Structure formats: C-alpha cells, structure tokens
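Colleague: Below: one structure in structure tokens.
The values are calculated or read from the model by the stated rules, or taken from the named source; none is laboratory data. On a predicted model such as this, the values are computed, not experimentally measured, just so you know. With ideal geometry, Cβ positions are generated from the backbone for all residues, glycine too; neighbour counts draw on all protein chains shown. Side chains included, ligands, DNA and RNA excluded: accessible areas come from the protein's heavy atoms. Shrake-Rupley method; radii C 1.70, N 1.55, O 1.52, S 1.80 Å.
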Amino acid sequence: MNIRMAFRSLFKERQNNSIKIISLGVGLAMGLVLISKVYFEQTYDNFYPDSNRIYQIQENVVMENNKPNSYGQVSGGVAPGMKAEIPQVEAATRLTYMDEDAVFFTPDKKRYIGTFIMADSFLFDVLPRPMLAGNAKDVLSRPLYALVSRSIAEKMGGISNVAGQSFQMDNWPGKTITIGGVFEDVPENTHLKYDVIVSMASMLKFFQWDGTENWIGNDRYLGYVRLMPGTKPESLTTAIHQMQTRHQDMEELRKAGVALTYSLLPLEKLHSDAPETKRMSTMLVLIAFALIFTATMNYILIVLSSLVKRSKEIAVHKCYGAGEKNVAGMMLSETLLHLTISIVVAVALIFFFSGTVEELLAASLSALLTPRTILLLALICFIVFIVSGLVPARIFSKIPVSSAFRNYRESRQSWKLGLLFIQFTATAFLVTLLVIIGRQYNRMVNDNPGYVYENLLYCNTTGVNSSERQNAIYELRRLPEVQSVASCSTLPIYGASGNNVLEPGKDQELFNIADLYSVDADYLPLMEIPVVTGTGFQRGISESSQVIISQSFADRLSEMLNWKDGVLEKNINITEHGVHTICGIYRNIRVASISNPDNRPTAMFYTDAPAPVIMVKLHKLNPENIQRVSKVLEAALPNKDIVVTPYKTSMTYLYTSSRLFRNSVLIGGIITLIIALIGLIGYTRDEINRRSAEIAIRKVNGASVKEIQQLFISDILRIAIPAIVIGEAISAITANKWMENFAEKTNLSGLLFIGCGISVLAVILSVVSIDTFRATTQNPVDMIKNE
C-alpha cells in the first residue's frame, strides 16, 4: 500500500522529485565508484589460495654511515635456499622481469605486446594460476619455452591452438621461444603483472650472466615463499640467519661495512600498506564520503523544504486514522522508491561513462565491481536509506492534525541551515583540494629535473647491432629538422639500478649509486646537463675507463675519503664496472619522478659505440617532424619495431596517477558544488515562500531590493563563512598528508586558501542574490493576496 502511494506521489508537482533523485543518483554514482576503488586497492593479491601464508623476501641492507634500506629484490639463490634449509617453508620461487610492454613476433610477422617475466618451475607452487593448457612445471623447466596468458593466447588464435607456436622478442632477435601452455590471466589487483612467463632455464640464452644460484650480488630477483600453516615469519629470524652463515661470508660483509639480513613481508600487505597507497585511499574515502553525505543531506533538505506544502496532506491522513508509525512508513516508502531509482540512475551513469570511470580509476569495471565490493556498496546504500528516510519520517510524523484546517508554519530553520552548513563545508574542502592537486600536478610535469627535454625524442633500439645503429644515427643527423643526436643505455625518468663504490685496492664498500651506465660524447650537450668541473666526455679523446659523476657523488667521495684536493683524475672502483678514472662532475639531475625520486648519487660511463637508446633533439617538435624521424629509423633498421616517443610524453606519463586523481577530485568537486547549489536554491525558495508576507510588507514600507536581499544573505553568511573555514582547514590537513608522496611540493600559502574560500563564498552569494531578486521584484499586493 505504502509503495503504491509512494509511486503515485512520484509524479506530483512541486515535490521536486526529479531533482531529489538525480542529485542523489549522481552523488551515489561518483561516491560508490570511489569506494570501489579504495576496496580494490586494499585487496591486492588476496586472490591467491592461502594468500595469508605467502610472503615476499625482503633484503635489508645497512652500509656504514648510511641509513638502513629494504629492497624487494634478492640474489637468485636466496629463495630456493630457504626452501631447502628451513622446514617451515612449504614452497619458494624466484622470478625476474625481462621486459614490460615488450613487442614480439610470430614467424608470420604478426605483432603482439605483453609483459615478460622469467621464472623458475616452482612459480605456481607459491603464486598459483589456473592452467588452461599444458603443464606449468614441465614447461618452466625447459630452455626457450614459455607460458602465455589467456588474453595473449586468444589473440594468437585460441587456447587450444597456441601450444607449439613460436615467437621471437623484438629486443632479442634470433631467440626462438616455444609456447608450451596457457594460464589464466592475472587479476588486475596485483603487484605482480605479467602476460608471458619464460622459463628460467633460458637465462643464458638471453643474458651473459646466470645469477640464479648467487647468494651475494646480482640482486635482480623477486623471491617469494609460502609458509607452513601456523608459521609466523618472526619465528624464522634465527633460521634465516643460520642459513646466511652457511652460504654467505658474513666476515667479508662486515669488513666491507655491510650488514645484510632478510625478512618476510606479507603478500597481502605489499601494496595496501605502502605509504602512498594509504594516503591515496584515505583521500578517496574522504572525497567519497563528502559526495555521498552531501547528496544525502541535499535529499533531506529538499524533502523537508516541502513540509509546509505537504502538511495538509499528512494531516488528512491522520484524520482518517493514520498514526505516527503509518506516516513514518509512508515517508520511508517514498525514500525507498526514490533511493531505488537513484541507484538505477547511478548504475546507468557508471556504465554509460564506463570508459571515463575506468580511465580515472585505472581499473576495469569488472575488477572494481566484484561480488564482495557490491555487497559493501549495498551496505552503504542501506545506510543512506536509513539516514535519508528516518529524519524526514520523524519530522513528518509530528505534523499536528490541526494542519488540515489551518495553515501550517515551520518557523524553525536551524535544521535547514545545518544541512547547508555540511554541504558548504564539503564544497569548500573539495574545491580547495582540487586547486592544490592541480598546482602540484603542474609542478611535477613542468618542474626542472636538471636537464632539458623540450623538443626531445627517443627510440629504444635494443637488439640492433652497433653498425646498424651507427648508420641510423648518421642518417638522422642529415635531417634538417634535427638539431642533434646522442645515445645512452637508459633514461633518467626510468630510474636506475644500483652498484657500490669502493676505494681501489680496498674491500669496504662506501655507498650505493644510481647507475646510468653508458652514454656517448653527445649525450651531456644534448640533454644540456652542465659539467661543473672537468671536461666531461669528448669524442676521440675519452677512454672507456673514464666516468663522470654527479655533484652529490663527488661530495660524498670527498667527505668519506677525506680528499681535500677534489676528486678529478682520481680512480674509483664501481662494482660491475671495475676501476675508472673520474674525468668530470655534472650538476645533480633527478632520477625517476618527483613522487618517487631516486636520491642516490649518479654516474655515467663513456662508450664510443652507440648505446641502445637513440635520442633526437629537434628544432621544432611537431607530428610531421616526428614522422620524418620514424621513417628514417624504419628505413635504417628494417628488422626493428620502431617506436619514437617524445620525452615530454614519458615525463607526463610518470604522473598519470596524479593526473587521474586530479580529474577525480575535479569531477567530485563539480558534482558536490552542483548538489550544494541545488540545496541552496531549494532553501532560498522555501524561505521566500515562508516569508512572502514579510517581504511584501517591507516593500510597501519602502525597503529596497538590496535591503531585502540582505535579509537572506545575512542568514547564509552566518553558516557559509564558518563552514568554508572548516572546509579549508580540512583541505589543508588532507593536502599536506597527500603531498608527503612528493619530494618537491607546491607552496601552500595562506593566500591560496583565502582565495579558494572567497571564490566558493562568491558563488554561494551569487546564487542567493539571483534567486532572491525574483522575489523582491514581485508585486507585494499579489504576495499578500496569496497569503
């Protein structure tokens, strides 16, 4: 009965049902997907069976005079060593990344892209995936064999047809790999993403060094263990140390000034417990709460704004025997119907804008909306129903029967102002947060990393021989659009692997560096990296035994070795490279990103032969010039998959997560502002109707339009100013917490918060002024006659 009445009232005029439903639906749509994203982030890697027993091996290193550091990479022998010597370890595996987004070709020249890892045959004993074809342990025991994911197999002709097919990787030409099986795709909420698993038995087919049994050095492997049921990782500390003493020369490590230990980090906590994940999740929860709470408060405000209009309707129901419970049931039924329609609207919006949602949240809808997530969202919707239903139900049930025979007046407006107060606070919070995030994003993208990358392109030519690469560089230099060409082994934005520095003839390791490996003589001039001391590299003069180091590297050396006369022309020993002579010092550059910088000193080594990454600086960066560079490289390197990338594009890509977060806050802020303004308009019109006689009498007695507007503005100012101040304070706290992710931060001055607060206040007062202007220009006779 109540549902039928609620459905009939849905189409009644002057109840603003469409506004209530749409504003609630939009708020729920954005709020619920943000909550889904938070749940997605907090449930990383929990899809593995017995995931609570799986751990990643952490390498903890303390070098003399340095802070302790923990790494998720270990030497190749550590993981299998734990399985062999610690009874509580049920299974262990190790793997290493080969190439992300690697291009590979089948014999018929069909091109595919996937992320490659190299793993031992015990991978699925620890991190199991369902096998759709083939035997994983057998395939991963055979050299030059691989497993592919379902999605790759389907692209290559189907799960049943892919076994036995072969392919070659673009970066490793001449190495034919045979597909031996297919595994189910790895879910999106994992820290370990891969599409192709190459057997670790193939190590020497691709790399010059096989470090799979190393106990010291070559720390490129990710190691994982599955512990026996009931085993606590803390209980293995002694056993791990005893294992180390049997396989590692602890005395030599001590003499080298290195303290090395291992610990086990729960797989389920690898991502969710990371500081940046925690901060991001906290902020998304705050934004989602602000959206849903604002939408709920706005719904209540609009419902209660119709209190005077619906008083006679409720009173008539009471005259016919309806009690307070019956009236409350009517209101709850209305709320249930409105909320159901709002959820339908929210779901429709989510799926209609699914592409935008997936881009903003960097996850597919299927990954976000799992059964557990849907259950959580249903619980939140139930809470919204309770809050938005009980408050109006209680107030409407108290309407007296006498309202059926005389006009009912609701003179108390404190509850309306209270609801607006909450909406204004949420709006100020999100608008200010949006401005701060936008400023920080611009700072990251446009910040000076210590080198110049405007008009710069690069192309990775790994797998191409030196003579072909040299010919390509020669042809590029002939283009009139090209300013200069250089080559290097790795780009600063991609981070760097590490090596240790020693004084020649001594065993003690001084510190660890970010190794940028080989560059040619044109690299520093092209990147416009200033050489502050020395000459840098010079073609035809520099030798392969020379190295140039960063200013922080030189300062560290001078301090630790007490070299008062500087470091130029001094010899240093760097692991993996041997003894080199310092020929120059360059100004510090940033390695990796602002959000995750590598603050270690850096070094570059000279190469006379072209390095794999070809860098091209243009006079002008435009699509036509990029196309010309691509054509030259394609002609010079016909057997190589050519991808020419603007450096600025890669720099921007580093901060994709920040850009998407900025866009999420932008959409959330706009939605919250619109919802708050809808509530403000509803409140203002309700007050105009309630005070129409007062307005008419004031006009008759000579009150101006401005004076009447000030009656309403003063009420709004009393709540808007403190609400905005609180919103600004919350945004300041939240922004400071979020900006802990970054080494370099935008300035959070007081003027920024004042400016944002004034802007929000100006919008609020503009809406009130425009809405009240209509009432103040009406004929007072008509207003009194209506009374």
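Colleague: Please list, ordered by first then second residue, the pairs with beta carbon atoms under 9 Å, 6 or more apart or interchain, first in segment 261-284 and over 16 Å from Q73 (Cα atoms) and at pLDDT below 90, second among the small types (G, A, S) and part of a loop (DSSP other than H, G, I, E, B).
Modeller: Sorted first by the residue in segment 261-284, then by its partner, the pairs are E276/S595.
Colleague: Of all residues in segment 736-762 being touching a helix residue (DSSP H, G or I) at 6+ places or on another chain (Cβ under 9 Å), open to solvent by less than 60 Å² (accessible area, probe 1.4 Å) and at pLDDT 85 or above, which is farthest from A676 (Cα to Cα)?
Modeller: Result: L752.
Colleague: Another question, then. For segment 629-640, give me each residue that is buried (at least 18 other Cβ atoms within 10 Å of the Cβ) and either modelled with pLDDT of 95 or more or of a type outside the set (G, A, S) (or both). Steps first, please.
Modeller: First, the residues of segment 629-640 that are buried (at least 18 other Cβ atoms within 10 Å of the Cβ): 629, 632-633, 636-637, 640.
Within segment 629-640, V629, V632, L633, L637, K640 meet the criteria.
Colleague: Look at segment 465-476 and say how many of its residues are open to solvent by 40 Å² or more (accessible area, probe 1.4 Å) and in a helix (DSSP H, G or I).
Modeller: At the first step, the residues of segment 465-476 found to be open to solvent by 40 Å² or more (accessible area, probe 1.4 Å) are 465-468, 470-471, 474-475.
Still in the list and also in a helix (DSSP H, G or I): 466-468, 470-471, 474-475.
Of the residues in segment 465-476, 7 are open to solvent by 40 Å² or more (accessible area, probe 1.4 Å) and in a helix (DSSP H, G or I).
Colleague: Do we find that T176 is among the β-branched types (V, I, T) and either on the phi > 0 side of the Ramachandran plot or surrounded by fewer than 15 Cβ atoms within 10 Å (Cβ to Cβ) (or both) in this structure?
Modeller: Here the answer is yes, as T176 does meet what is asked.
Colleague: Name every residue in segment 60-86 that is free of Cβ contacts under 8 Å to residues at least 24 places away in the same chain and farther than 17 Å from F511 by Cβ, in order of residue number.
Modeller: A84
Colleague: Evaluate segment 197-211: report whether one residue or more is closer than 30 Å to A362 by Cβ, in contact (Cβ under 8 Å) with a residue 40 or more places away in the chain and surrounded by 14 or more Cβ atoms within 10 Å (Cβ to Cβ).
Modeller: Our first condition is that a residue be closer than 30 Å to A362 by Cβ; within segment 197-211, this holds for 197-198.
Now drop any that are not in contact (Cβ under 8 Å) with a residue 40 or more places away in the chain, which leaves 197-198.
Within this subset, residues satisfying the condition of being surrounded by 14 or more Cβ atoms within 10 Å (Cβ to Cβ) are 197-198.
Within segment 197-211, one or more residues are closer than 30 Å to A362 by Cβ, in contact (Cβ under 8 Å) with a residue 40 or more places away in the chain and surrounded by 14 or more Cβ atoms within 10 Å (Cβ to Cβ).
Colleague: Restricting the search to segment 71-130, which residues are of a type in the set (F, W, Y) and open to solvent by less than 10 Å² (accessible area, probe 1.4 Å)? Steps first, please.
Modeller: Going residue by residue through segment 71-130, those that are of a type in the set (F, W, Y) are 71, 97, 104-105, 112, 116, 122, 124.
F104, F116, listed by residue number.
Colleague: Hey, could you check segment 645-688 for residues that are open to solvent by less than 40 Å² (accessible area, probe 1.4 Å) and not in a helix (DSSP H, G or I) and say which is farthest from R590 (Cα to Cα)?
Modeller: T645
Colleague: What do you reckon, is I594 at pLDDT below 95, under 32 Å from the mean Cα position of the chain (by Cα) and buried (at least 20 other Cβ atoms within 10 Å of the Cβ)?
Modeller: Values: at pLDDT below 95: yes; under 32 Å from the mean Cα position of the chain (by Cα): yes; buried (at least 20 other Cβ atoms within 10 Å of the Cβ): yes.
Yes, satisfied.
Colleague: Provide a single number: the residues in segment 420-452 that are assigned to a loop (DSSP other than H, G, I, E, B) and buried (at least 22 other Cβ atoms within 10 Å of the Cβ).
Modeller: Our first condition is that a residue be assigned to a loop (DSSP other than H, G, I, E, B); within segment 420-452, this holds for 447-452.
From what is left, the residues that are buried (at least 22 other Cβ atoms within 10 Å of the Cβ) are none.
Total meeting the criteria: 0.
Colleague: Can I ask one more? Could we say that S731 is in contact with a Leu (Cβ under 6 Å, 6 or more places away or on another chain) and either farther than 22 Å from L673 by Cα or in contact (Cβ under 8 Å) with a residue 60 or more places away in the chain (or both) here? Let's see the steps before the verdict.
Modeller: Details: in contact with a Leu (Cβ under 6 Å, 6 or more places away or on another chain): yes; either farther than 22 Å from L673 by Cα or in contact (Cβ under 8 Å) with a residue 60 or more places away in the chain (or both): yes.
For S731, the condition - in contact with a Leu (Cβ under 6 Å, 6 or more places away or on another chain) and either farther than 22 Å from L673 by Cα or in contact (Cβ under 8 Å) with a residue 60 or more places away in the chain (or both) - is met.
Colleague: Looking at the structure I just gave you, is N189 open to solvent by 10 Å² or more (accessible area, probe 1.4 Å), of a type in the set (S, T, N, Q) and part of a loop (DSSP other than H, G, I, E, B)?
Modeller: Values: open to solvent by 10 Å² or more (accessible area, probe 1.4 Å): yes; of a type in the set (S, T, N, Q): yes; part of a loop (DSSP other than H, G, I, E, B): yes.
Yes, satisfied.
Colleague: Let me ask another. So, in segment 143-164, of the ones that are among the small types (G, A, S) and part of a helix (DSSP H, G or I), which residue ends up surrounded by the fewest Cβ atoms within 10 Å (Cβ to Cβ)?
Modeller: Filtering segment 143-164 down to residues among the small types (G, A, S) leaves 146, 149, 151, 153, 157-158, 160, 163-164.
From what is left, the residues that are part of a helix (DSSP H, G or I) are 151, 153, 160.
Values: S151: 14, A153: 25, S160: 10.
Here the answer is S160.
Colleague: Answer with yes or no whether I695 is modelled with pLDDT under 85, within 31 Å of the chain's Cα centre (by Cα), assigned to a helix (DSSP H, G or I) and crowded, with 21+ Cβ neighbours inside 10 Å.
Modeller: On the way: modelled with pLDDT under 85: yes; within 31 Å of the chain's Cα centre (by Cα): no; assigned to a helix (DSSP H, G or I): yes; crowded, with 21+ Cβ neighbours inside 10 Å: yes.
So I695 fails the test.
Colleague: Among (1) in contact with an Asp or Glu (Cβ under 8 Å, 6 or more places away or on another chain); (2) open to solvent by 70 Å² or more (accessible area, probe 1.4 Å), there is one condition R254 misses while meeting the rest; what is its number?
Modeller: Among (1) in contact with an Asp or Glu (Cβ under 8 Å, 6 or more places away or on another chain); (2) open to solvent by 70 Å² or more (accessible area, probe 1.4 Å), R254 violates only (1).
Colleague: Take the conditions modelled with pLDDT under 95 and surrounded by fewer than 18 Cβ atoms within 10 Å (Cβ to Cβ) and apply them to T462. Does it pass? Let's see the steps before the verdict.
Modeller: Working: modelled with pLDDT under 95: yes; surrounded by fewer than 18 Cβ atoms within 10 Å (Cβ to Cβ): yes.
Yes: the conditions hold for T462.
Colleague: May I pose another question? Only residues in segment 26-48 that are of a type in the set (S, T, N, Q) count as the first member; pair them with residues that are open to solvent by less than 10 Å² (accessible area, probe 1.4 Å), Cβ under 6 angstrom, at least 6 apart or cross-chain, and list the lot.
Modeller: S36/L368; S36/T373; Q42/S272
Colleague: Considering only segment 225-237, I want to know if a residue exists there that is modelled with pLDDT of 90 or more, closer than 19 Å to G76 by Cα, of a type in the set (V, I, T) and open to solvent by 40 Å² or more (accessible area, probe 1.4 Å).
Modeller: No: segment 225-237 contains no residue that is modelled with pLDDT of 90 or more, closer than 19 Å to G76 by Cα, of a type in the set (V, I, T) and open to solvent by 40 Å² or more (accessible area, probe 1.4 Å).
Matching residues to (1) among the hydrophobic types (A, V, I, L, M, F, W, C); (2) touching a Leu at 6+ places or on another chain (Cβ under 8 Å):
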| residue | (1), (2) |
| --- | --- |
| S342 | no, yes |
| A348 | yes, no |
| E358 | no, yes |
| S366 | no, no |
| I380 | yes, yes |
| V384 | yes, yes |
| G389 | no, yes |
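Colleague: I'm told V198 meets every condition in (1) in a helix (DSSP H, G or I); (2) modelled with pLDDT of 95 or more; (3) not polar (S, T, N, Q) except one. Can you identify the failing condition by its number?
Modeller: For V198, the exception is condition (1).
Colleague: Can you report the number of residues in segment 238-295 which are part of a helix (DSSP H, G or I), over 34 Å from the mean Cα position of the chain (by Cα) and of a type outside the set (D, E)? Before you say what the answer is, go through the steps one by one.
Modeller: The initial filter retains those residues of segment 238-295 that are part of a helix (DSSP H, G or I), namely 238-247, 250-255, 269-272, 275-295.
Add one more test, that the residue is over 34 Å from the mean Cα position of the chain (by Cα), and what stays is 238-247, 250-255.
Those left that are additionally of a type outside the set (D, E): 238-247, 250, 253-255.
Summing the residues that are part of a helix (DSSP H, G or I), over 34 Å from the mean Cα position of the chain (by Cα) and of a type outside the set (D, E) in segment 238-295 gives 14.
Colleague: Looking only at strands (runs of 3 or more DSSP E) that fall completely inside segment 483-590, which ones have 2 or more residues that are open to solvent by less than 30 Å² (accessible area, probe 1.4 Å), over 23 Å from K67 (Cα atoms) and touching a residue at least 12 places away in the same chain (Cβ under 8 Å)? Walk me through how you get there before you give the answer.
Modeller: Values: elements: 497-502, 509-519, 531-534, 546-550, 571-574, 578-586.
Here the list reads 546-550, 578-586.
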